[in-house]
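The values are calculated or read from the model by the stated rules, or taken from the named source; none is laboratory data. This structure is a prediction, so every number in the text was calculated from the model and none was measured. Note that we place each Cβ from the backbone using ideal geometry, even for glycine, and neighbour counts take in every protein chain shown. Just the protein is used for accessible areas: all its heavy atoms, side chains included, with ligands, DNA and RNA removed. Shrake-Rupley method; radii C 1.70, N 1.55, O 1.52, S 1.80 Å.
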2 protein chains.
Amino acid sequence: MGMGRPREFDAETALDQAMEVFWRHGYEGATIAQLTEAMGINPPSLYACFGNKEGLLKAALDRYTKLRGAWMEEVVAAPTAREVAERMLMGIADKQTDPANPPGCLLVQGGIACGSGSENVPFELAARRAQNEDQLRDRFIRAKAEGDLKQTSDPAALARYVSAVSVGMGVMASSGADREALRQVATVAVQAVEAQSGRG
Amino acid sequence: MGMGRPREFDAETALDQAMEVFWRHGYEGATIAQLTEAMGINPPSLYACFGNKEGLLKAALDRYTKLRGAWMEEVVAAPTAREVAERMLMGIADKQTDPANPPGCLLVQGGIACGSGSENVPFELAARRAQNEDQLRDRFIRAKAEGDLKQTSDPAALARYVSAVSVGMGVMASSGADREALRQVATVAVQAVEAQSGRG
DNA sequence: CCACATCTGTAGTGAACACTACATATCTGG
DNA sequence: CCAGATATGTAGTGTTCACTACAGATGTGG
């Protein structure tokens, strides 16, 4: 039997465009008309490929976290907890003000609060942010075991802290903060991790 | 000439209800139907009193910042920069997990990203957050002058940092973080301010 | 008690939304 | 070249949205 007419667009390229629309307008603010125009396809192609609007968002989130996964690996590969925090926060300052992307972070811009019918979107985003936090926590647990963090320090709390600062920086970036302003925030924030560093 | 039929609802009480709806669902996620039901009025009353949906949001934001103004005064009245940061962040941990309100902060939940036609809503919220940041900055400038912060410290950067942590905590609260988790973040965050304290 | 002004409830308005029916086009397997 | 399968473009679907026309209700000033 035949295999049907082949798709005329590249799914990943289209996803990149959809990602940008969600990033800039949020899940509820993004319309199917905007998405299809940016993706260069018509609604039936979108629905055949991604199911519905929420399915498209999840696919875009998957792509986003996959693209950032490699960078997160570099972050946790830093030799000390302090340098992990520094790479993370300084890198985020740069990424969130990269003119190649919308400002801020998709995992925040996507939707913090949503209306009835989309209540699970904020949880979906929170779950992805939690993955990054877990990665940091595991790294800080190791740092503590290696004597790189004080024995009194709480790796989970430190990871939550770095994650919170990242989110806060993302919101600032989306409302116009420039790269230098975010780097200043990162510089101050790292000092809290520094205070937890050393054998004690 | 007559003065017309008097309004049958109390504007501030109604605003409190509207504030809660915006807080929980965001600007775009909140519908007029939800708002009028929560406020106990019908659409014509809403439009006669507040102009339109965005006017209602601004009135709710005014009320929100007014209610929090007294608390911010207490915060900046703390004797040292470190204690200012501690009061601020610990207080926010408690407020953002107060079961009497929706979780998080209206100035964040209200809308970080919006669709076409509401682009100025995020800026409106950002402007109100900036007011708090300015208040902190002025307080840290004084702290530096009093020798309570090192001469090498940057009051504006510190204020931006505390503001960023506050926002990050708000997002965490809205996605389910409990009070203890936020207090841990606050405790770590204060250490960065501590590191800037003292005469140097 | 009357003219006037403002509020309130009912019942809608047009527009925009997410989503889809359907006819047509383009592929593969035989 | 044909039959089956999937993709595409056009042109809608019903629903929900913010917002309002209108008639009746309730007040004040003369």
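Some values worked out for this structure:
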| item | result |
| --- | --- |
| Chain A - percent relative contact order, Cα under 8 Å, separation 6 or more | 24 percent |
| Per residue solvent-accessible surface (Å²) - the protein assembly as shown, probe of 1.4 Å | 44 Å² |
| Charge dipole (segment A:1-138, unit charges on Cβ, about Cα centre) - positive-most of A:ALA127, A:GLY55, A:GLY111 | A:GLY55 |
| Residue among B:ALA78, B:ALA100, B:ALA173 with the largest mean-square fluctuation in a Gaussian network model of chain B, springs linking Cα atoms under 10 Å | B:ALA100 |
| Net charge dipole size for the protein assembly as shown [Lys, Arg +1 and Asp, Glu -1 on Cβ; Debye, nearest 20] | 460 debye |
| Rough spin-label spacing in nm, given labels placed 7 Å along Cα→Cβ, for B:PHE9 and B:ALA33 | 1.7 nm |
| Candidates A:SER163, A:SER116, A:SER175: whichever shows maximal mean-square fluctuation once chain A is modelled as a Gaussian network with Cα springs under 10 Å | A:SER116 |
| Computed label-point distance, nm, for sites B:GLN131 and B:GLU119 using a 7 Å Cα→Cβ extension | 2.5 nm |
| Karplus (6.51, -1.76, 1.60) ³J(HN,Hα), θ = phi - 60°, over segment B:44-58, in Hz, Gly and Pro reported as x | x, 5, 4, 5, 5, 8, 10, x, 7, 4, 5, x, 5, 4, 4 |
| Residues in segment B:108-151 occluded by at least 50 Å² - accessible area, probe radius 1.4 Å, against chain by itself | B:ILE112, B:ALA113 |
| Summed buried accessible surface, chains A and B, 1.4 Å probe, nearest 100 Å² | 3100 Å² |
| Surface/4 estimate of mean projected area, convex hull on alpha-carbon atoms of chain A, nm² | 13.4 nm² |
| Peptide-level mean, for A:191-197, of C-beta atoms on other protein chains within 10 Å | 5 |
| Using a 7 Å Cα-to-Cβ projection, B:ALA70 label spacings across copies, nm, ascending | 5.6 |
| Computed magnitude of the charge dipole of chain A (debye, nearest 20; Cβ of K, R +1, Cβ of D, E -1) | 360 debye |
| P(r), alpha carbons of the protein assembly as shown - 10 Å bins starting at zero, rounded % | 5, 22, 30, 24, 13, 5, 1, 0, 0 |
| Rh (Kirkwood; distinct C-alpha pairs) - segment A:82-181, Å | 14.6 Å |
| Percent accessible area from carbon and sulfur atoms, segment B:79-200, protein chains only, probe 1.4 Å | 48 percent |
| Net charge dipole size for segment A:1-93 [Lys, Arg +1 and Asp, Glu -1 on Cβ; Debye, nearest 20] | 160 debye |
| Cβ neighbours within 10 Å from other chains - mean over A:170-183 | 4 |
| Sorted peptide list for A:139-150, A:182-193, criterion being average Cβ within 10 angstrom, highest first | A:182-193, A:139-150 |
| Per-copy distances of the A:ALA11 label point, shortest first, in nm (7 angstrom along Cα→Cβ) | 5.5 |
